[in-house]
Amino acid sequence: MKRLTTLASIVGLGTALALFLSSGVSDVTAAVVSAGWGTLAVVLARFAAVAWAGLGWHAVFPRGAGPTLRDCISLRFVREGINTLLPVAQVGGDLIGARLLTRRGTPGGMAGASMFVDLMTQAVTQLVFTVVGLLLLMQITGDGPLVRTVSGGVLIAIPALAAFYVIQRRSGHRLIEAALSRFAAGREWRALGAIDVLYENLRRLYGNRARVGAALLIHLAGWVAGTVEVWVALNAMGYSISFLDALVIESLAQAVRGAAFVVPGAIGAQEGGLIALGALFGIPAEAALALSLVKRVADLAVGLPSLALWNLMERKASASPEPDGAEAVREGLGAIRARLGRRLGPAPRAPAYGFPASRPSAPLSSDNEAGALQKCA
């Protein structure tokens, strides 16, 4: 996966550089400068959008059983910064956000389940947002290569999204449990019990339809509000487009970013997508590339402070005591890894489980498999 991400990054950078050179660096620079106050407005809109997404995450928690709204918003910024600026395929920040949530008093199973539900509600609403943009595009341009391409992507996304939902339900529980049980027996089940806790919390969250519905509405409103970035930036550059035109560009550009999840920041894909979409509304390539640069300024303006916030949270988390049950989970995961042939350390192997009986297994980092499952225990 790391090699794939590296290769995709190189291709993306090459594509973006070629687009900028072919459009004229001076023309693109002039378009960016012409945005003026629009750039600041886009940055402020992005801060508001990420905070709003934190509200959507907070909405899925049962009343009185979840973190504070402030925690959800601050950790949502951390998730955004990691997913946008680091090569983690746009999901690493979500895992880290759930782990840090446990350090703020939320049970591990609830934190992990909330992450899955939040990702699901975001993905569903983004699909709806994309379909709305596609329907508007069909009214504007009729059938065409771009419409067919986007329609094909939507047809692929629907079963993928359905599979992501199914894996979170009872059938997915049985599948994961059966796969892990092949490598576990006896005391290892203390670690695998974390899976049961996770799915119990998933059932609890999905069972509260009112809160899931509220999260869906919040995220859908957030996607629509994100259109302000395109509308403000292009109008500031002197291109008068309607809000509906901006909605088409934003919805389909976000779909392109989602499809290019392997490429950090969707470098190259975002630029190419904005050029193709902008051409439908008479926006030249240099202005579309300037719009992409303005969006990337917002990525940095939000992402860099968010990464600094993450570093601060990690420092505080490292000074906190380990949650109860960590040793049991460590033992169980150690046995499973030993059965798979992955040694935890240089210690001699005991006949039963593959690590010394006279002392506890070597401590594992909070970022590895044991740490991840421990947070769900």
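The values are calculated or read from the model by the stated rules, or taken from the named source; none is laboratory data. Predicted, not measured: the structure shown is a model, and the values here were computed from it. Please note: Cβ atoms are built from the backbone with ideal geometry, for glycine as well, and neighbour counts cover all protein chains shown. Each accessible area value is taken on the protein alone, full model and side chains, heavy atoms only, with ligands, DNA and RNA left out. Shrake-Rupley method; radii C 1.70, N 1.55, O 1.52, S 1.80 Å.
Report whether or not Thr125 is modelled with pLDDT of 90 or more and either of a type in the set (S, T, N, Q) or more than 19 Å from the chain's Cα centre (by Cα) (or both). Criteria met by Thr125. Considering Gly92, Gly172, Gly109, Gly152, the condition of being more than 30 Å from Leu304 (Cβ to Cβ) and modelled with pLDDT under 85 is satisfied by Gly172 alone. Regarding Val256, is this residue under 24 Å from Leu127 (Cα atoms), outside any helix (DSSP H, G or I), out of contact with any strand residue (DSSP E or B) (no Cβ under 7 Å at 6 or more places or on another chain) and modelled with pLDDT under 90? The answer is no for Val256. A single member of Val294, Val302, Val248, Val230 is part of a helix (DSSP H, G or I), in contact with a Lys or Arg (Cβ under 6 Å, 6 or more places away or on another chain), open to solvent by less than 10 Å² (accessible area, probe 1.4 Å) and more than 24 Å from Tyr165 (Cβ to Cβ), and it is Val302. Output yes when any residue across region 294-308 is modelled with pLDDT of 90 or more and farther than 30 Å from Thr130 by Cβ, and no when none is. Yes: region 294-308 contains one or more residues that are modelled with pLDDT of 90 or more and farther than 30 Å from Thr130 by Cβ.
Of all residues in region 84-97, one or more are closer than 30 Å to Ser242 by Cβ, in contact (Cβ under 8 Å) with a residue 24 or more places away in the chain and out of contact with any Lys or Arg (no Cβ under 9 Å at 6 or more places or on another chain). Scanning region 16-49 for residues that are open to solvent by less than 30 Å² (accessible area, probe 1.4 Å), under 30 Å from Gln126 (Cβ atoms) and modelled with pLDDT under 85 gives Ala16, Ser23, Val28, Ala31, Ala35. Answer yes or no as to whether Gly64 is at positive phi and modelled with pLDDT under 95. Yes, satisfied.
For region 268-281, the count of residues that are under 17 Å from Met237 (Cα atoms) and of a type in the set (Gly, Ala, Ser) is nonzero.
Just checking, does region 109-116 include any residue being in a helix (DSSP H, G or I), open to solvent by 40 Å² or more (accessible area, probe 1.4 Å) and in contact with a Leu (Cβ under 7 Å, 6 or more places away or on another chain)? Yes: region 109-116 contains one or more residues that are in a helix (DSSP H, G or I), open to solvent by 40 Å² or more (accessible area, probe 1.4 Å) and in contact with a Leu (Cβ under 7 Å, 6 or more places away or on another chain). Could you grab me the full set of residues in region 271-291 that are open to solvent by 10 Å² or more (accessible area, probe 1.4 Å) and closer than 27 Å to Ala51 by Cα? The answer is Gly273, and nothing else. Does Gln168 fit the bill of being outside any helix (DSSP H, G or I), open to solvent by less than 60 Å² (accessible area, probe 1.4 Å), of a type outside the set (Gly, Ala, Ser) and out of contact with any Cys (no Cβ under 9 Å at 6 or more places or on another chain)? In short, yes.
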